[in-house]
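The values are calculated or read from the model by the stated rules, or taken from the named source; none is laboratory data. Quick caveat, the model's predicted, so the values are computed rather than measured. A quick note on method: Cβ atoms are made from the backbone with ideal geometry, for glycine too, and the neighbour counts reach across all protein chains shown. In case anyone asks, the SASA skips ligands and DNA or RNA and just uses the protein heavy atoms, side chains included. Shrake-Rupley method; radii C 1.70, N 1.55, O 1.52, S 1.80 Å.
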Amino acid sequence: MAALGKRVFVLPDTQVRPGDPQHHFDWIGQAIRDYEPDVVVHLGDHWDMPSMSTWSGAGSLDREGARYGADIQAGGVALVRLHEAMAGFKPKREISLRGNHEQRIARAVSADPRLLGALSYDHFNDRELGWTPVDYNGSTPGIVDVEGVSFAHYFANPMTSKPIGGTAAYKLAAIGAPYVQGHVQGYDIGTKNYATGRVIRGIVAGSCYMVDEEYRGNANTHFRGVVVLNQVKNGDFSEMPL
């Protein structure tokens, strides 16, 4: 009998901000404990870092009262809450991808080297809780392989370094390999069938938070949840969104 593949628990973008609800981390931690995955992969943007957003100007009301320390603390508390809900269960691997929201720290330091040390990924508590962070590779998100499936916060166009757009199926054609990414709200899956009988899949799942985004308006009906990949082996898997 052929050996079964691994079980991978995928946690899409959580985008934790000060004051946002965190009770869903109890449910996520309990789900991890119940499903007992071999690997947990967080797709990035756990720390939303609104204090460092460049979408609005420094004097904008959108940033009034925003503080770096509060951003760091909010994400740290949520991650501790997740681990407490796991009730002692420990996966073989816990991988945390850096998203473009965490990358705001590196961009700020690059723009003003005087901030070196004052702003740092070292202020995150994921590593001390047992996660293995995957940092950006230059200006694009890092990629990690788990049983033949590529995981990244998003996959970049090699010509522009910008995120590959379009549907999950379009991304699959551009990436050319089984993949799972976050970054884009909702849930989308693409499938490509080859004449050899091989089938590869790609998943986009970028939202696991409770708050509505003001800019999305009526589009805030998108999927919010996690994804369990069963029988992950040689790039194949059976997906189960929760």
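Brief remarks follow.
- Ser161 vs. criteria more than 17 Å from Thr14 (Cα to Cα), in a helix (DSSP H, G or I) and either of a type outside the set (A, V, I, L, M) or open to solvent by 60 Å² or more (accessible area, probe 1.4 Å) (or both): no
- Subset tally (residues that are over 20 Å from Asp188 (Cβ atoms) and either in contact with a helix residue (DSSP H, G or I) (Cβ under 9 Å, 6 or more places away or on another chain) or at pLDDT below 95 (or both)) for segment 138-156: 2
- Screening segment 7-30 for residues that are open to solvent by 50 Å² or more (accessible area, probe 1.4 Å) and out of contact with any Lys or Arg (no Cβ under 7 Å at 6 or more places or on another chain) and picking the one that is farthest from Phe151 (Cα to Cα) gives Gly19.
- Residue check for Tyr121: among the aromatic types (Phe, Trp, Tyr), under 18 Å from Ser161 (Cα atoms) and without any contact (Cβ under 8 Å) to a residue 40 or more places away in the chain: no
- Taken together, the residues in segment 181-202 that are closer than 16 Å to Pro241 by Cα, modelled with pLDDT under 95 and either crowded, with 19+ Cβ neighbours inside 10 Å or of a type in the set (D, E, K, R) (or both) amount to 1.
- Candidate set: segment 31-55, residues that are closer than 18 Å to Gln185 by Cβ and part of a loop (DSSP other than H, G, I, E, B); chosen: the one most open to solvent (accessible area, probe 1.4 Å): Trp55
- Residues satisfying the stated conditions in segment 134-143, i.e. surrounded by fewer than 17 Cβ atoms within 10 Å (Cβ to Cβ) and part of a strand (DSSP E or B): Asn137
- When restricted to residues that are closer than 19 Å to His42 by Cα and surrounded by fewer than 18 Cβ atoms within 10 Å (Cβ to Cβ), segment 101-124 contains 3.
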